[in-house]
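Laboratory data are not the source of any read-out in this text; all were calculated from the coordinates shown. From a predicted model like this one, the values you see are computed outputs, not experimental measurements. Here the Cβ positions follow ideal geometry from the backbone for every residue, glycine too, while neighbour counts run over all protein chains shown.
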């Protein structure tokens, strides 16, 4: 009887250790804000400037309807449009605990600080001040 009890406890402990080992080997799949924002082609979907909603085609009549932004892990950013007009290169960096980002080095100027309001696998929305007007930019994955 004692042998059966010891054998039973041994099996329970062994099973517990096996389950613990399997559980500890799980990958950490936490997605970072850098993962969400980089390595994707973001297309401008809409802009709200000073309370006025504008679509991409209303904003970008001269450049075509696909204004694209690509933020890369190495800190570079590129802007292009589907007509090949005005390609721009620069740098970007997160600020304020990754709640804001700044783009700089385009045309030798500094960018406004962009405050992120939405960032997920398909949408990026942020705002910045354009003079005295608040500009809200909404981008989506191409």
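Summary table below
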quantity: The range 124-142, residues that are in a strand (DSSP E or B), exposed (fewer than 15 other Cβ atoms within 10 Å of the Cβ) and free of Cβ contacts under 8 Å to residues at least 24 places away in the same chain; calculated: 129
quantity: Test: residue 85 is without any contact (Cβ under 8 Å) to a residue 40 or more places away in the chain and in contact with a helix residue (DSSP H, G or I) (Cβ under 8 Å, 6 or more places away or on another chain); calculated: no
quantity: Filtered residue count, the range 86-98, keeping only those that are surrounded by 14 or more Cβ atoms within 10 Å (Cβ to Cβ) and either closer than 14 Å to residue 128 by Cα or within 13 Å of the chain's Cα centre (by Cα) (or both); calculated: 3
